[in-house]
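Read the structure below first, then the notes.
Any read-out appearing in this document is the output of simple, stated calculations on the displayed coordinates, not a laboratory observation. Note that the structure is predicted; figures quoted are calculated from it, not measured. For neighbour counting, all protein chains shown are included, and Cβ atoms are generated from backbone atoms with ideal geometry for every residue, glycine included.
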Amino acid sequence: MRKLYIILLFIVSAQWVTAQTTVVSGRVTDTKKKPMRGVSVTIIGTYDGATTDSLGEFVFTTTEKGAKILTASIADYKDDDHPVTIIPGQALKIDFTLKESLSELKAVIVTAGSFAAGDSKRGSVMSSIDIATTAGSNADISSALKTLPGTQQIGEQEGLFVRGGEGYETKQYIDGTLVNNPYYSSVPDIAQRGRFSPFLFKGTVFSTGGYSALYGQALSSVLLLESIDLPEKTEINASITPLVVGLGMQHLAKNKKSSWGFDYDYVNVGLYFAIVKQTPDYFRLPQFHNGDANFRIKTKHGGMIKYYTTFSYSDLGLRRPDVDTPNYKNAFALNNHNWYNNLSYRENLGKGWKMNLGTSFSTNLDNINQQVEDSADQPKQFDTATSYFMQAKNFTVQSLQNLFQVKAVFEKKITGISSFRFGSEYWYAYNKPIFNDTLHKQIDNYTAYFAEASIFLTNEIAAQIGVRAEHSSLINQSDIAPRISLAYKTGKDAQISMAYGTFYQKPEAMQLYYNTNIGFTKATHYIINYQYLNPQRIFRVEAYYKKYDALVSQVPYGPDFYSYDLAGNGYAQGLDVFFRDKKTIKNFDYWISYSYIDSKRQFLNYPSMIQPDFVATHTASIVTKRFFTKIKSGVNLTYSWASGRPYYDIMLNPSNKYFINAQGTTPDYNSLNFSAEYIPSIGKKNPRTFIVLFASMTNVLGQNQVYGYHYSYYGTSRQAIEPPAPRFYFIGCFLSWGVDRTQDAIDNNL
Amino acid sequence: MKKLCILLLAICYLQLAGYSQSDKYVAAMKTNLALFDSTGSIPDYIALSNTFARIGDAEKTQWLPYYYAGLALSTEGWTSKTIDKDANSTQILAFTDKAQALTTDSSDLSEINDLRNMAYVQQLLVDPATRFMSYGKDASMALKAAMDLNPNNPRSYYLEGMSLFNKPANFGGGKDKAKVAFQKALDLYNIATPKSLYPNWGKQQTVDMLAKCQ
């Protein structure tokens, strides 16, 4: 018994005997053999371990023994496990090599040829608020994007003229589907605003070339707009300004899974034009009615259904002096109805599959009346035999443009963070213009198939390879367009990116009324860029070469008649630089853009390879924003400069060949734009009313702007193309009343 | 009799083994918690965080080690000028998720939410002008949750005071409002009786801040 007692006591006391310790040490490096500090090395399941020092070395003691697993781990790297057998007293030396884990947050992004704007987008250069507050933009998306490099300062026509391309070479997409009429209808020599408010969108990708195979039919660039999902809360908003008044509501369901809303605004320039003189003589003051409605529904698996519809009516009429006959005037009257619908559905299908469906329908009716009038504002008719070109300025057009489209994109995650996308789209375009009672009709069935793979070999190297096949029934042509982009991370916040692709675009509707045998116009892009990007600073430099392999050119057959063929061609090459800094000066945010472009093309009636009249060799912008917290106000200044644009007077010689009768370069473009906002409710907890007071002025210094010249038919006189007024002034008060979900007061009253 | 002895000794042995297990935990926690308050050289907070994470991974059922692993990273975030704040806060939030999964007690969850608030504030300060909408909202929601879960948690009012102190007066902040929050925090610190190993930091910081608010 005593023996047993002693044995048992011995066993128990054995617990109190200090076990023999073992020293464990080693070094942790990454795949490039650089030592890693801060790595946690642990014997799994125990407290024993240590953290590596600046040399990557660790050392600790353990009383564990036997078969264990020693692991090294640190965030963003794959854990490295080493099975070991610990023999007490026998020092253990283990080295680890850690491999970086593929992470969407850390991986390199393909940026060649594209600028991302938006709050949640990685690598964004601008946020949604930036688009609204950039001085000179007046909350117009295209105008704000003109402060980025690669765009031209074109003031007399709407559109984004990107890297030597015409305005129609840039197309806009909302939630994946094409927008047929992104701008209000054209008025001669006056650039129109975009139809969509920047506040409708949470993300924008502005591509200056080399864009993804998911998009096509734009030779130069695409603007991809992503609409917002559910609003934060139920809100009523109102705008009160001398030019526009509006009222709207966004309602968020109690379960926060759906929302609906509507907006109406009315634009009337009467009051404004009475105070600020305009050069044209308006016989019908511009008025716009805009209404829109939306609903959004969140689905069970984290998907989203969104519907947006907008209806717009506009009317205006203006007179300008006729260039051929000094006493006469050109009266232009326009009446427009536009209805745009967009329905999109994105869904997670499970097993790594995602689906994006989109459909849109739009109809646009322009009623245009162009009439030559004498000095008493009476209509004048001309004999077509003696003065065909004058009578040609009297016409009416009723132009109907309908576009219906469907698009489906499927995406599957493959190994790591790589993914594969494929899909198809179909557009039914119906154009019916009635020109002076002659009916033309044009129907195009356009189909496209596309596939694209985004491959991340490591966090440092990514490639995006895609192909797009298109067919247009109207021109009866097909094409296959490859798209390749690569990106390589050179440092913590820096990377190099490259893109190559071919891009096809149907000729413009006007050009196809007379001849549909033309075929696709074509451009090939080669782009390379270097980018450094962190939350405070962005620096980006990009070089590109664009070859226009096929462009539409005019084939004359008589002084006033011509048809079209595809014999045109051209090139554009240049350098774009962008620098943004939010940190150096407190509360001061600025960016600088500079573009250099060398571009020539022979297209339409150009007799030889010349610099197009919409290209200025140098363009630069400085955008500054400063917020004064003490007075809750922001002040924004933008200065834009561009070197002169060429202008040409092209005429037809007796041998039916075009020649340049006169040419020159406009003066440099200079404009200083100002805007300011005062937000009294900022910083207040749950303010009932959120107010923004806004004021802006373009061309503060009153600098003279000449965009080009209109020449008379015989080239003997000309008119400068200038803005309708030297400055544009705007003041406005924007209010919104939010409904906190916990205070249902407004809800009950509605 | 022999069998009974063996049985009794076996039970004793098992008891001792079990007792020494939690003894080990308490001892390890106490040792490392002491490093937080060290007045000598600044401790390596990353290593301290890793040590707490190790304890948490080994124990598997304790929320406190993960809480302190996050708190150590948060302390590093306040003092370091070179650390990547976004990556650091992502890690702190990962630790708060682990801690949250291991307790349902509302005063525990209140502490965890205070830690989440600090992680979001550190991210907000990276680029306040752009981030005050997103991270600012997350930070105030976390602080509100902390106050709702335990209205007597002094740390919540200390953090509220810090937020008010750094906000301009015309934005709803300022020293006067901050002083009220710090005073409430101090009153709660004075009557607090935290359990052993439970968070009880912040009293000295509150006293220092109150002095600045005078």
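Take the Cα of A:Asn534, step 7 Å toward its Cβ, do the same at A:Val23, and the gap between the two points is 3.9 nm.
At a Förster distance of 51 Å, what's the computed FRET efficiency of A:Ala253 paired with A:Lys657, Cβ-Cβ distance as r, to 0.05? Mind showing how you got there, number by number?
Working: r = 67 Å, r/R0 = 1.32.
So, using R0 = 51 Å, E works out to roughly 0.15.
Distance from the Cα centroid of segment A:310-343 to that of segment A:25-81 is 73 Å (rounded to whole angstrom).
Summed over all non-identical Cα pairs, the Kirkwood treatment of chain A gives a radius of 29.7 Å. For segment A:262-267, putting each phi into the Karplus relation 6.51 cos²θ - 1.76 cosθ + 1.60 with θ = phi - 60° gives couplings of 8, 8, 9, 9, 10, 10 Hz, in residue order, rounded to whole numbers and with x for Gly and Pro. Expressed as a whole percent, the proportion of Cα-Cα pairs in chain B lying more than 24 Å apart is 48%.
Each of A:Trp427, B:Trp78 has some number of other Cβ atoms within 10 Å of its Cβ, and from fewest to most they run B:Trp78, A:Trp427. Stretching A:Ser424 away from A:Arg626 to a fully extended chain increases their span by 68.2 nm, per 0.36 nm per residue minus the current alpha-carbon distance. In this entry, segment B:44-114 is assigned a mean projected area of 4.3 nm², taken as a quarter of its C-alpha convex hull surface.
For the pair A:Ser54 and A:Gln370, the difference between a 0.36 nm per residue extended length and the Cα-Cα distance amounts to 106.0 nm.
With both labels modelled 7 Å from their Cα along Cα-to-Cβ, the A:Ser101 to B:Tyr198 distance reads 3.4 nm.
Add +1 for every Lys or Arg and -1 for every Asp or Glu among the other residues with Cβ under 12 Å from the Cβ of B:Gln91, and state the total. Net local charge, B:Gln91 excluded: -3. Near A:Thr234, the amide H atoms lying under 5 Å from its own belong to A:Leu252, A:Val739; only residues 5 or more places off or on other chains count, and H is placed 1.01 Å from N. Please determine, in degrees from 0 to 90 and to the nearest 10, the orientation of helix A:2-14 with respect to the longest principal axis defined by the Cα atoms of chain A, where the helix direction is its Cα long axis. Its long axis makes an angle of about 30 degrees.
Packing order of peptides A:638-645, B:98-105, highest average first: A:638-645, B:98-105 (average count of other Cβ atoms within 10 Å over each peptide's residues). Relative to one another, the C-alpha centroids of segment A:632-686 and segment B:155-214 are positioned 54 Å apart. FRET efficiency for the pair A:Val541 and A:Asn587, taken as 1/(1 + (r/R0)^6) with r the Cβ-Cβ distance and R0 = 35 Å, rounds to 0.80.
Each residue, A:Ala695 and A:Leu271, gets one label point 7 Å from its Cα in the Cβ direction; the gap between the two is 1.6 nm.
In the neighborhood of B:Ser49, defined by Cβ-to-Cβ distances under 14 Å, what is the net charge if each Lys or Arg adds +1 and each Asp or Glu adds -1?
Values: positive: A:Arg37, B:Arg54, B:Lys98; negative: B:Asp44, B:Asp57, B:Glu76.
The answer is 0.
Maximal additional length on extending the A:Arg718-A:Ala91 stretch stands at 216.4 nm, based on 0.36 nm per residue less the C-alpha distance. For the pair segment A:370-446 / segment B:123-145, the C-alpha centres are spaced 48 Å from each other.
For A:Phe201, the residues 5 or more places off, or on other chains, whose built amide H falls under 5 Å of its own are A:Ile228. With contacts taken as Cα pairs under 8 Å and at least 6 residues apart, chain A reaches a relative contact order of 10 percent.
Suppose a student asked you for the relative contact order of segment A:18-98, using Cα pairs under 8 Å spaced at least 6 residues apart; what percent would you report? Before the final figure, lay out the partial values.
Details: 200 pairs, mean separation 30.8, N = 81.
Dividing the mean separation by the residue count of segment A:18-98 yields 38 percent.
Relative to its Kirkwood radius, the Cα radius of gyration of segment B:130-214 gives an Rg/Rh of 0.99.
Rounded to whole Å and sorted largest first, what semi-axes of the equivalent ellipsoid does the C-alpha gyration tensor of segment A:510-586 yield via the square root of 5 times each eigenvalue? If you can, show how the numbers build up before the last one.
On the way: eigenvalues 381, 36, 21 Å².
After diagonalising the Cα gyration tensor, the semi-axes are 44, 14, 10 Å.
Sketch the reach of a paramagnetic label on B:Phe36 as a point 7 Å from Cα along Cα-to-Cβ, and name the residues of segment B:139-154 whose backbone nitrogen lies under 19 Å away. From segment B:139-154, the list is B:143, B:146-147, B:150-154.
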